[in-house]
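Trainee: Below you'll find the structure I mean.
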Amino acid sequence: LCFCIFLYHCGITAVITVASIYASKVMGFTIKEIIGLVLIVNISACLGSFLFGGLQDKFGHKSSLIGIVLFWIIAIIFLFFSYERYMFYISSNLIGLGLGAAQSAGRASIAYQAPKTQQAEYFGVWGFFINASSVVGPLSYGVLTLIFLDNHKLAAIGLIPFFILSLILLTRVRFVRSQ
């Protein structure tokens with residue numbers, strides 16, 4: 001499960017880390033506009049935590065994680081086709097919803113799987129994978145930006161394989177309530 005979370009978090013951390021660069025280079029946003037966008041997206045992330053948290057309680061951990069990863073793929077595709085500012089605001093807020101959802105779902109899934117006597121160890125491993133994704137994801141985006149000759153739209157789409165690999169592995173994870 002931690003490796004599945006690592007994979008989709010590579011894509012997430014890349015998107016979040018380079019969001020202001022993307023907004024500036026692709027959409028022509030000023031620093032003031034980027035700061036306003038970041039504030040709005042943080043509200044979307046908070047809403048995503050609550051919205052998807054309720055769905056996770058209703059549909060279960062595995063279904064929710066799969067849904068969140070699919071949501072991220074759709075959000076990145078929407079970002080790719082966002083040429084107007086209003087479309088970029090919509091895609092940014094979709095990404096915010098997905099960010100909040102992924103954060104809360106990942107933690108809840110680890111807590112669900114971890115035996116009560118080993119929760120510190122499970123969350124330690126989870127934390128390692130989350131931290132590792134904040135290196136691998138942005139580095140991958142940088143490499144993609146070089147490969148695609150500074151085309152940030154193609155670099156963003158190039159992150160989708162992280163999500164697809166995560167989906168493939170998630171279908172194989174067995175979710176069993178810890179004792």
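Trainee: Could you list, in sequence order, the residues of the stretch 123-163 that are open to solvent by 80 Å² or more (accessible area, probe 1.4 Å) and in a helix (DSSP H, G or I)?
Mentor: Within the stretch 123-163, PHE128, ASN131, VAL135, LEU139, LEU146, ILE147 meet the criteria.
Trainee: Could you check, for the stretch 43-58, whether at least one of its residues is closer than 16 Å to THR13 by Cα and not acidic (Asp, Glu)?
Mentor: For the stretch 43-58, residues closer than 16 Å to THR13 by Cα and not acidic (Asp, Glu): present.
Trainee: Please tell me if GLY36 is surrounded by 14 or more Cβ atoms within 10 Å (Cβ to Cβ) and more than 24 Å from LEU144 (Cα to Cα). Explain how you work it out, then say what you get.
Mentor: Numbers: surrounded by 14 or more Cβ atoms within 10 Å (Cβ to Cβ): no; more than 24 Å from LEU144 (Cα to Cα): yes.
For GLY36, the condition - surrounded by 14 or more Cβ atoms within 10 Å (Cβ to Cβ) and more than 24 Å from LEU144 (Cα to Cα) - is not met.
Trainee: Could you grab me the full set of residues in the stretch 164-179 that are open to solvent by 40 Å² or more (accessible area, probe 1.4 Å) and not in a helix (DSSP H, G or I)?
Mentor: Selection gives THR171, ARG172, ARG174, PHE175, VAL176, ARG177, GLN179.
Trainee: Condition test on LEU94, is it modelled with pLDDT of 95 or more, hydrophobic (A, V, I, L, M, F, W, C) and either crowded, with 17+ Cβ neighbours inside 10 Å or under 23 Å from SER133 (Cβ atoms) (or both)?
Mentor: Against the criterion (modelled with pLDDT of 95 or more, hydrophobic (A, V, I, L, M, F, W, C) and either crowded, with 17+ Cβ neighbours inside 10 Å or under 23 Å from SER133 (Cβ atoms) (or both)), LEU94 qualifies.
Trainee: If you don't mind, there's one more thing I want to ask. Based on what the data block shows, is LYS116 open to solvent by 70 Å² or more (accessible area, probe 1.4 Å), touching a residue at least 24 places away in the same chain (Cβ under 8 Å) and over 23 Å from LEU39 (Cα atoms)? Let's see the steps before the verdict.
Mentor: Details: open to solvent by 70 Å² or more (accessible area, probe 1.4 Å): yes; touching a residue at least 24 places away in the same chain (Cβ under 8 Å): yes; over 23 Å from LEU39 (Cα atoms): yes.
Answer is yes for this residue.
Trainee: Related question: When SER49 is evaluated against the numbered criteria (1) of a type outside the set (Asp, Glu); (2) surrounded by 16 or more Cβ atoms within 10 Å (Cβ to Cβ); (3) touching a residue at least 60 places away in the same chain (Cβ under 8 Å), which criterion, by number, is the only one it fails?
Mentor: Every listed condition holds for SER49 apart from (3).
Trainee: Looking only at helices (runs of 4 or more DSSP H) that lie completely in the stretch 1-83, which have at least 1 residues being under 30 Å from GLN113 (Cα atoms)?
Mentor: The helices (runs of 4 or more DSSP H) meeting that bar are 2-17, 31-59, 61-80.
The values are calculated or read from the model by the stated rules, or taken from the named source; none is laboratory data. Bear in mind that the values here come from a model prediction, so they are computed numbers and not experimental data. Positions of Cβ are generated from backbone atoms using ideal geometry, with glycine treated the same way; all protein chains shown enter the neighbour counts. Accessible surface is based on the protein model in full, side chains and every heavy atom, while ligands, DNA and RNA are left aside. Shrake-Rupley method; radii C 1.70, N 1.55, O 1.52, S 1.80 Å.
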